[in-house]
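Asker: Sharing a structure, written as structure tokens. Questions coming.
The values are calculated or read from the model by the stated rules, or taken from the named source; none is laboratory data. In this text the structure is predicted, and so the values were computed from the model without any measurement. Positions of Cβ are generated from backbone atoms using ideal geometry, with glycine treated the same way; all protein chains shown enter the neighbour counts. For the accessible areas, the whole protein counts, side chains as well, though only heavy atoms, and no ligand, DNA or RNA atoms are used. Shrake-Rupley method; radii C 1.70, N 1.55, O 1.52, S 1.80 Å.
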Amino acid sequence: MLSALRAQVLTANVEIARRGLARQTFGNASAIDRAAGLVVIKPSGVAYDTMSAGDLVVTDLRGNVVEGGLRPSSDLATHLALYEAFGAIGGVVHTHSHFATVWAQARREIPCFGTTHADYFRGAVPVTAPLTSEEIATDYEANTGRTIVRRFAGLDPLQMPAVLVASHASFVWGETVGAAVETATVLEEVARMAFHTVTLDSGATSVRSELLDKHFLRKHGAAAYYGQPR
Ligand SMILES: [Zn+2]
């Protein structure tokens, strides 16, 4: 079932480990087949270097396992909340990559200090509100998804394809799971650059909005002209 999507999700999970974004088993990638109403996700607690496509778990949009002998990632409910709210996305990546997690733990958004950031994220990467005691006690993973969705009221998830969950780490998404892996890689680099920028100059300010839009819009949207036509 869903063999092509399984291959993409396996590659994504292997890549987040290979790129140093996910250590131990602290990370997971998934993809959705919207026509079938099914999600393919990493199994819980399985090492990246021994994982095979057959280990991946297929669930429906309520989280019921449709195919697979292993338990799905414990973060499944967060992924499902994102797929439900953000209809244009096809893949989700969650990692505890070092510098993005540093910003999440400080509960600080990542300001757009330069064009590397602006090429991928149209503004500061937002941070969620902390979860309440009740939200932690019951339906924790689903509530993590809900707090992300609440933070994105008024934001376009394809123009801001990442979030920092307060005191936790990042979730990143894209039109495909492969795109989400690329964005997770860039997010970590941008978070590292921003950390060093504020270390060097605590008064550093964000780029001008004109420069932000120039860089974002030359790569994304109807008027994009960066790279080769597809
Ligand atoms: Zn996590």
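Asker: Quick check on my filter: what residues within the range 133-170 are in a helix (DSSP H, G or I), away from the ligand (no atom under 16 Å from the Cβ), crowded, with 16+ Cβ neighbours inside 10 Å and free of Cβ contacts under 8 Å to residues at least 60 places away in the same chain?
Answerer: Arg151
Asker: I need the full set of residues from the range 24-58 which are touching a strand residue (DSSP E or B) at 6+ places or on another chain (Cβ under 9 Å), charged (D, E, K, R) and surrounded by fewer than 21 Cβ atoms within 10 Å (Cβ to Cβ), in order please.
Answerer: Asp33, Asp55
Asker: Does the range 194-204 hold any residues that are under 14 Å from His117 (Cβ atoms) and either without any contact (Cβ under 8 Å) to a residue 24 or more places away in the chain or in a helix (DSSP H, G or I) (or both), and which are they?
Answerer: Residues satisfying the conditions are Ala194, Phe195, His196, Thr197, Val198.
Asker: So, in the range 1-23, exactly how many residues are under 16 Å from Val172 (Cβ atoms) and open to solvent by less than 60 Å² (accessible area, probe 1.4 Å)?
Answerer: Residues in the range 1-23 being under 16 Å from Val172 (Cβ atoms) and open to solvent by less than 60 Å² (accessible area, probe 1.4 Å): 9 in total.
Asker: Mind checking which residues of the range 95-132 are open to solvent by 80 Å² or more (accessible area, probe 1.4 Å), in contact with a strand residue (DSSP E or B) (Cβ under 6 Å, 6 or more places away or on another chain) and more than 16 Å from the ligand (Cβ to nearest atom)?
Answerer: Glu109
Asker: So which residues in the range 210-230 are loosely packed, with under 12 Cβ neighbours inside 10 Å and either within 12 Å of Thr115 (Cα to Cα) or among the polar types (S, T, N, Q) (or both), if there are any at all?
Answerer: Result: Glu210, Gln228.
Asker: Can we say Gln105 is over 30 Å from Thr59 (Cα atoms) and either hydrophobic (A, V, I, L, M, F, W, C) or at pLDDT 95 or above (or both)?
Answerer: For Gln105, the condition - over 30 Å from Thr59 (Cα atoms) and either hydrophobic (A, V, I, L, M, F, W, C) or at pLDDT 95 or above (or both) - is met.
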